[in-house]
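**Student:** Quick one: the structure is below, and I'll ask about it shortly.
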Amino acid sequence: MTFSRRDFVKTSVLGAVAAGVGAKVAMPEAQAEKGSQGPVSPSGSPKRPIIICANNGYNYVEAAYTFLKGGGDTLEAGIRVVKGPEDDPNDDSVGLGGLPNEEGVVELDACCMHGPTRRAGSVGAVRNIKNVSMVCRAVMEHTGHVMLVGEGAERFAVDMGFPRENLLTDRSRKIWMLWKQFNSDRDWWGPGIADPHWRPPATETKPQAEVWRDRIQQLQERAADLGIEPEFRLAAVRRVLFPPTGTIHCSVLNEKGEMSGITTTSGLAFKLPGRCGDSPIIGAGCYTDQDIGSAGATGAGEENIKVAGAHTIVENMRHGMSPLEAGMDALKRIVRNYNGDMNKLRFMDMTYYILRKDGAYASVCLWEGYSAGHPHKFAVHDGTLRAEVATPLLKGYSQEWPPFPPIPEDLKKDSEYLK
Ligand code: GLY
């Protein structure tokens, strides 16, 4: 991978990383609320009420906005958005149908913050309960704790009346089987990408194009044997080669200036059992400060935990940065954690969703998207529902698909992923 394809969008980024980040002069909250620094919002003057979320929530925003406009609670509105993908068996990034851990068990994470009452709730590694967005709110409302995990969280959910159900759909089970078969000599044990001794996979003697062509072909054949639908085979192969961390976050602001945030996920596909990503971590996957704003994340959980992304962003706004600047600063911290090493950074991605108390918003991402023509998008509703393209820090795409050569034309046909 040459650096020319992955140039920084702004050449000043490395300089900023080297110089340290977040060195901003604090300013009074009232001034921060007016948003006197930086761009207000990608689409003009801020408005409220407003809902911003990851794009997989798009179909559920209109109804949530109507509810919010009618005086509904901000956290309830956010949950109405994220519950849609949680209930959808075809969204394999959250709730029912989420991709499972390495043992084939779906484990879900979620957290929320309710601005008006300044409360928080969280659950991690929950099995058999679909709507963990509602379970984390129940932790907040019905316990003196903030976070419950594992079996205790599941038992609490059942006590609260949530039904136990099998979350592994047939489609997700088949993708997991494909992953197991492909990775029978590999797993998640051993040092990770953050280890100083980690090296990119060794170059094979065959040209890369041939290696990847063979690998994809082989996986497609296995996918067919497993009964994965032809139009979904390439998407399944992609998930096996590059386990996704899909998630949904939603931040909500009402007319009165009340705010809430909610994030829910099935986490990193094929993870070790018990692994929690950033989504259940208050301050990483979600953070809402009633005085300042709300932020949340989708993407590489381990990286986001290390920069406490959502909290960093809200604090940046407290100190006067615009939503865009605040998010870019958090992304630069991730780049700094790898000393700008593109051979590592290209294997991760991160998107932040940012909403300031005055209604100004932004979404920023580490890379432009997963492949050319598929930029990261987010949904926003401030009276008009739309999908907007997130602003990338780095030029190029994470996790090349396929990693080095262009995908052979005959493998492209009927690919749902490439649509
Ligand atoms: N951001 C979701 C995860 O890493 O689990």
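Taken together, the values in this text are just the output of simple stated rules run on the coordinates, not laboratory data. Since we're looking at a predicted model, the values are computed, not measured. Quick reminder, even Gly has a Cβ in these numbers, built from the backbone with ideal geometry, and neighbours come from all protein chains shown.
**Student:** Using the Cα centre of the stretch 50-117 as the reference point, and only Cβ charges (+1 on K/R, -1 on D/E), how large is the resulting charge dipole? Debye, rounded to the nearest 20.
**Tutor:** Details: 3 positive and 12 negative charges, 103 e Å.
Charge dipole, the stretch 50-117, about its Cα centre: 500 debye, nearest 20.
**Student:** Assign unit charges at the C-beta atoms only (+1 for Lys and Arg, -1 for Asp and Glu), then state the dipole size of the stretch 312-398 relative to its Cα centre in Debye, rounded to the nearest 20. Don't skip to the end; give the middle numbers.
**Tutor:** On the way: 11 positive and 9 negative charges, 33 e Å.
That gives the stretch 312-398 a dipole magnitude of about 160 debye.
**Student:** Between Asp159 and Leu226, what is the label-point separation in nm under the 7 Å Cα-to-beta-carbon projection?
**Tutor:** Taking the simple label geometry, Leu226 and Asp159 are separated by 3.8 nm.
**Student:** Could you give the size of the charge dipole of the stretch 96-160 about its Cα centre, using +1 on the Cβ of each K and R and -1 on the Cβ of each D and E, expressed in debye and rounded to the nearest 20?
**Tutor:** Rounded to the nearest 20 debye, it is 380 debye.
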